[in-house]
Structures are given as structure tokens and as C-alpha cells.
Amino acid sequence: MGQSSGRQGYHHGDARNALAAAAGELLEDVGAVALSLRQVAERAGLSRQAPYNHFDDKEALLAELARAGFERLAAKLRKVASGRSGEEALARVGEAYIGFAQASPALFRLMFARELVDLSRFPAATAASASSFAVLAAVIATMAPKDQVADRSLAAWCLIHGYATLCNETGLESVSKRKTRAEQFAHLFGP
């Protein structure tokens, strides 16, 4: 039997993943505020009841998207930091972080917007968030005395995150400046 246009295929037993994938697509199209469980079910090719079989409510679905986003971000940051240290690693991590924000602005906004989802209520999302920050802290640990790692990690994150947010929200600079700016930021944390 054929599927109606606009609906994705769904494999029995994989409804949760189908819903999450549909929600991720819709998130970038309509934003977190406008996203509805009904739209998600429709996009996934499932019944209107299906989201409630897997998520308590919209906030739980948004927390799942944030969790997956943090895991993707952490994996990306680990990959670019691998085999590098110091300013080179920090520049690559900064570039990847900014690139992630620019490639998925609605997801990036959701990951850090408490008015949309309170991640403290979702332990898996909180842990995923911490793992992405841990990658940055590990890079800073290659550059700073042990007693300064926490403060410098927070400062580096504030700088990179703030820049990424300004680029997304105000159009501060184009995507092409990402690498140069990340390298400049890394120099601020060098010896």
C-alpha cells in the first residue's frame, strides 16, 4: 500500500524514533513554540495518539530533541578535538560548535532555552549537556593549570556560545567567518 505524500515511512516497533525524527525536521521548519504533537504524528505517518504513547507531553519530546542534539554536538566536538591539544584543538572545537549552531539554529536555541524545556527535569538530557561541556573542559585542561580549568572552560564556552548565538539571532557574521573567528578566540586562551 502506498504512502500519502509528505509522510515518511514507518517501521513497526520504531515509532519513538520516527516521532523524534519527524519532530527534528519540524523543529527547524516551524520552531519549538509552534511545533505540535499532532504535526509530529502527521509528519511521521502515525496516529495522533502515537506521540502520547512515547512522550508524556510536548516538553518531553522537546527534551528528547535537546538530548539528541547535545549528543550530536558532543560527538562532533570529540571528533574535531581528537589527536589535537591546545589552541589548535580549541579552535577546531569552537569552529565545530559555531557550525553546529548555524546548521541547526532551532535545535541550538531549544538546547539552551529554559522557557521551552526545563532540562533539569530530564536526567538523560542533562547528562548529554554535561558531556558536551566536558569535551571543551578537556581541551582547556591541555592549556591551563589545573586550578584554572573550570574558570577558563566556562569563559571559553561563554565566548563561543555567545558568538554562535549572536550569529544566529542577529546575523553578526557569515558562516565563512566561522573558522577565522574560532582561531582568534582560541588565541585568547593560549599561554
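The values are calculated or read from the model by the stated rules, or taken from the named source; none is laboratory data. Note that the structure is predicted; figures quoted are calculated from it, not measured. Note that each Cβ is placed from the backbone with ideal geometry, even for glycine, and that neighbours are counted across all protein chains shown.
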Are any residues in region 107-128 touching a helix residue (DSSP H, G or I) at 6+ places or on another chain (Cβ under 9 Å), surrounded by fewer than 20 Cβ atoms within 10 Å (Cβ to Cβ) and part of a helix (DSSP H, G or I), and if so, which ones? 109, 112, 120, 121, 124, 126, 127
What's the number of the only condition in (1) outside any loop (DSSP other than H, G, I, E, B); (2) more than 27 Å from residue 24 (Cα to Cα); (3) not β-branched (Val, Ile, Thr) that residue 144 fails to meet? (1)
Quick check, is residue 95 in contact with a Lys or Arg (Cβ under 7 Å, 6 or more places away or on another chain) and of a type outside the set (A, V, I, L, M)? yes
Restricting attention to region 170-190, does a residue exist that is surrounded by fewer than 13 Cβ atoms within 10 Å (Cβ to Cβ), among the charged types (D, E, K, R) and either under 17 Å from the mean Cα position of the chain (by Cα) or not in a loop (DSSP other than H, G, I, E, B) (or both)? no
Please specify each residue of region 76-97 satisfying the condition of being in contact with a Ser or Thr (Cβ under 8 Å, 6 or more places away or on another chain) and in a helix (DSSP H, G or I). 77, 86, 89
Just one listed residue, out of 134, 128, 138, 155, is modelled with pLDDT of 95 or more and under 22 Å from residue 27 (Cβ atoms), and it is 128
